[in-house]
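The values are calculated or read from the model by the stated rules, or taken from the named source; none is laboratory data. Because the structure is a prediction, the values reported are computed rather than measured. When we count neighbours, we look across all protein chains shown, and the Cβ atoms used for this are built from the backbone with ideal geometry, even at glycine.
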Amino acid sequence: MILTDRQILAEIKAGSIVVKPFYRKYLGSNSYDVHLGKWLAMYTEEILDCKAHNTIRHFRIPTEGIILVPSKLYLGVTEEYTETHRHVPFLEGKSSIGRLGIDIHATAGKGDIGYCNTWTLEISVRQPVRIYAGMPIGQLIYFEVAGDVEIPYFRKKNAKYVKRSTKPVESMMWKNFR
């Protein structure tokens, strides 16, 4: 089941869901709107290697925005830091973003119970489009789960994305080959 606005508020009050900063006006009937942070990143190499640590360069989104172009992958980040201790969070793009031809994730829309961080976005566009820091970019939806979690994400020895960051984080796929 998906949590409703009242259930999300109750879980925030109980501390099992954390959203910072949290503004009531961004709470929908069954989701919470998240916003694009001020940092983007791009890979430094044209050809990526799944077994290698592919490096990225970070850059700030200027006040006047930045134009994204097709055929490039941009890594973005949410302004919001989140924690989810009893529910499975899903991040989906807002329909207004989709209608501009912007995808905010390729395959990584689901978080894990115990994920505590900002969300890195895998942004691609269908045609050139100007984006801005602080714009609504996605919505978090929380699903109830059956049963208790044995080891939450932040305690897993092989968890690759636990280091707190306000900037986009590159793929850590290479760690799977060690």
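Filtering the stretch 94-115 to residues that are at pLDDT 95 or above, surrounded by 15 or more Cβ atoms within 10 Å (Cβ to Cβ) and either aromatic (Phe, Trp, Tyr) or part of a strand (DSSP E or B) (or both) leaves only Ile102. Out of Gly15, Gly37, Gly76, Gly28, one residue alone is at pLDDT 95 or above, surrounded by 11 or more Cβ atoms within 10 Å (Cβ to Cβ) and out of contact with any Gly (no Cβ under 8 Å at 6 or more places or on another chain). It is Gly28.
Regarding Ala52, is this residue under 23 Å from Gly111 (Cα atoms) and among the aliphatic types (A, V, I, L, M)? Here the answer is no, as Ala52 does not meet what is asked. On the given criteria, is Gly111 under 29 Å from Gly65 (Cβ atoms) and touching a His at 6+ places or on another chain (Cβ under 8 Å)? So Gly111 fails the test.
When only residues in the stretch 64-73 that are in contact (Cβ under 8 Å) with a residue 60 or more places away in the chain and β-branched (Val, Ile, Thr) count, which is surrounded by the most Cβ atoms within 10 Å (Cβ to Cβ)? Out of the qualifying residues, it is Ile66. Highlighted here are the strands (runs of 3 or more DSSP E) found entirely within the stretch 1-68 that include at least 2 residues which are touching an Asp or Glu at 6+ places or on another chain (Cβ under 6 Å), farther than 29 Å from Val129 by Cα and not acidic (Asp, Glu): 17-20. Of the residues in the stretch 6-21, how many are free of Cβ contacts under 8 Å to residues at least 60 places away in the same chain and closer than 21 Å to Ile97 by Cβ? Number of matching residues: 1.
Scanning the stretch 62-96 for residues that are under 29 Å from Lys13 (Cβ atoms) and of a type in the set (A, V, I, L, M) gives Val77, Val88, Leu91.
Exactly one residue out of Glu122, Glu150 is more than 24 Å from Leu27 (Cβ to Cβ) and either in a strand (DSSP E or B) or in contact with a helix residue (DSSP H, G or I) (Cβ under 7 Å, 6 or more places away or on another chain) (or both), and it is Glu122. For the stretch 124-166, the tally of residues that are within 17 Å of Ala108 (Cβ to Cβ) and modelled with pLDDT of 95 or more stands at 8. Screening Arg60 against (1) surrounded by 17 or more Cβ atoms within 10 Å (Cβ to Cβ); (2) of a type in the set (D, E, K, R); (3) touching a Lys or Arg at 6+ places or on another chain (Cβ under 7 Å) leaves a single unmet condition, (1).
Summed over the stretch 95-116, the residues that are in contact (Cβ under 8 Å) with a residue 24 or more places away in the chain and closer than 18 Å to Phe143 by Cα give a count of 6.
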